[in-house]
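Below: one structure, written as structure tokens.
The values are calculated or read from the model by the stated rules, or taken from the named source; none is laboratory data. Note that the structure is predicted; figures quoted are calculated from it, not measured. We place every Cβ from the backbone using ideal geometry, glycine too, and count neighbours over all the protein chains shown.
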Amino acid sequence: MPGRKGSESTVPGSPGSGTGRPGAGARVALVLLQAGGAVSLFAYPAMLLATVMAVAAPGQGLRANLVRGALSLVLLYPVAWGFLFWASWRALGRGRTALAMALSTPPLAATLVGAALLASSSQRAASIVKEYDAGRVREARRVGEEHSLAGALLLFERGEVSPEELLEAVRKADASELSRPAERRPVAVPGLTVKRTAAAPADPVRKSTPLAIALGGSSLAKNLVTADPDPLLDAARALLARGASLSPEEEAGEPRLAWLAEVVARGTVLPDRRAEAENALVWVIVTSERGEEPRVASAIYAAARREPELLRRPTTTYGTPLRAALLVGRNDRARDLVRNGALLSGEERLIPSVVRDLDRFLALPVNEEVRGIHDANLAREGSRKPSSSPSSRPGG
């Protein structure tokens with residue numbers, strides 16, 4: 001109308017101003033946007049751990065400090081997320097829908113970037129595993145060119161040979177291969193670069209007999225329980241039936257393998273229930289799960305109080321409690337046993353692999369006190385010789 005110039009200008013709250021009362025659709029959209037952004041909070045513990053590790057990692061220089069500084073900002077992410085959450089709803093309450101949506105976008109962007117990085121890293125990890133497995137297959141084939149029986153065992157572990165083909169390879173193997181060690185070179189991990197000094201030795205080439213490969217890869221070696229099927233255990237039985245044996249180095253240096261070879265040769269089924277009647281303490285040590293360490297420790301201290309003779313009583317299959325604890329890798333419990341007077345039996349002290357295993361255990365720096373207790377116990381018993389001095393033990 002004449003004289004009312006500008007009367008059609010937009011006023012707050014009118015359509016098109018962007019500041020009117022938000023509708024239900026805007027609220028739903030904001031909730032969905034923020035829900036997507038909230039997913040990024042689930043990754044915060046992992047980001048926090050990465051930040052702590054980066055700050056504590058060695059390394060100086062501008063680049064290292066910039067990385068630490070950038071990662072340290074991650075600590076403030078929950079605070080920033082909370083502020084943006086509050087600010088976006090405040091903006092929406094004032095009718096500023098566009099601003100509310102914009103304020104909720106950074107957390108959603110963080111979620112999308114994190115998802116993309118996770119997908120990329122998962123793909124990279126899968127690629128590394130695939131390349132590493134391919135490298136292991138190539139190494140098994142290389143071994144097979146020099147030692148057909150060892151190659152067949154390794155190819156079975158890689159899924160390239162069936163159980164039937166494996167047993168056939170054992171049956172047809174030349175007698176000269178049954179106990180001959182095969183050279184096994186280390187397989188490089190793709191993407192992993194190891195920096196060595198000029199004086200650093202190269203990765204050692206392992207020499208393994210067919211029997212060691214079969215026993216070491218069997219389910220029996222992993223959990224000390226006889227299972228069916230266990231094709232590598234069947235292969236070990238077939239090898240023993242043909243007269244195969246471990247090498248002298250394996251007999252002396254790998255006590256678990258040497259013990260497994262004896263167990264399989266005798267046809268013993270593990271766990272051997274005779275041990276429960278022969279020495280209840282040994283039975284607890286060899287059959288308890290990893291999460292039951294308090295139960296094993298309680299059994300040791302209870303035996304020391306009530307039946308101290310159990311601490312040194314051997315069993316047919318597992319030997320004394322101390323040998324059994326070392327056999328199943330319960331080092332903490334082995335310390336408890338020594339502190340309460342446990343020793344190897346006289347027969348066990350004549351087995352080179354068992355003595356060497358105990359010496360390696362006692363040579364650990366953390367076992368200095370335990371080593372003194374063990375040698376004192378031996379001296380009191382009137383043994384011919386105490387354990388090796390720290391300087392003469394491997395790694396001592």
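Let's see how each residue does on (1) of a type in the set (A, V, I, L, M); (2) more than 23 Å from the chain's Cα centre (by Cα); (3) under 30 Å from residue 92 (Cα atoms):
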{"position": "105", "(1), (2), (3)": "no, yes, yes"}
{"position": "108", "(1), (2), (3)": "yes, yes, yes"}
{"position": "115", "(1), (2), (3)": "yes, yes, yes"}
{"position": "131", "(1), (2), (3)": "no, no, no"}
{"position": "134", "(1), (2), (3)": "yes, no, no"}
{"position": "137", "(1), (2), (3)": "yes, no, no"}
{"position": "141", "(1), (2), (3)": "no, yes, no"}
{"position": "147", "(1), (2), (3)": "no, yes, no"}
For this session: Looking only at the range 247-279, count how many residues are assigned to a helix (DSSP H, G or I), more than 30 Å from residue 176 (Cα to Cα) and in contact with a helix residue (DSSP H, G or I) (Cβ under 7 Å, 6 or more places away or on another chain).
Result: 2
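What about residue 66, is it loosely packed, with under 13 Cβ neighbours inside 10 Å and either over 30 Å from residue 186 (Cβ atoms) or within 26 Å of the chain's Cα centre (by Cα) (or both)?
On the way: loosely packed, with under 13 Cβ neighbours inside 10 Å: yes; either over 30 Å from residue 186 (Cβ atoms) or within 26 Å of the chain's Cα centre (by Cα) (or both): yes.
Yes; evaluated as a whole, the condition is true for this residue.
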For this session: Could you look through the range 347-364, keep only residues that are farther than 18 Å from residue 328 by Cα and either among the charged types (D, E, K, R) or at pLDDT 95 or above (or both), and pick out the one that is surrounded by the fewest Cβ atoms within 10 Å (Cβ to Cβ)?
Result: 347
For this session: Look at residue 320 and say whether it is under 20 Å from residue 224 (Cβ atoms), modelled with pLDDT of 95 or more and over 29 Å from the mean Cα position of the chain (by Cα).
Result: no
Problem set entry | Test set (1) outside the structural domain of residue 246 (by TED's automatic domain parsing); (2) surrounded by 14 or more Cβ atoms within 10 Å (Cβ to Cβ) - residue 193 fails condition number | (2)
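Given the structure, is residue 324 of a type in the set (A, V, I, L, M) and either surrounded by 22 or more Cβ atoms within 10 Å (Cβ to Cβ) or assigned by TED's automatic domain parsing to the domain that holds residue 210 (or both)?
Numbers: of a type in the set (A, V, I, L, M): yes; either surrounded by 22 or more Cβ atoms within 10 Å (Cβ to Cβ) or assigned by TED's automatic domain parsing to the domain that holds residue 210 (or both): yes.
Yes, satisfied.
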For this session: Give the residue, chosen from 252, 265, 227, 212, that is under 30 Å from residue 286 (Cα atoms), out of contact with any strand residue (DSSP E or B) (no Cβ under 7 Å at 6 or more places or on another chain) and free of Cβ contacts under 8 Å to residues at least 12 places away in the same chain.
Result: 227
Exercise. Out of the range 25-38, which residues are crowded, with 16+ Cβ neighbours inside 10 Å and either hydroxyl-bearing (Ser, Thr, Tyr) or closer than 13 Å to residue 77 by Cα (or both)?
Worked result: 37
For this session: Kindly list the number of the only condition in (1) closer than 19 Å to residue 321 by Cβ; (2) surrounded by fewer than 21 Cβ atoms within 10 Å (Cβ to Cβ); (3) assigned by TED's automatic domain parsing to the domain that holds residue 318 that fails for residue 284.
Result: (2)
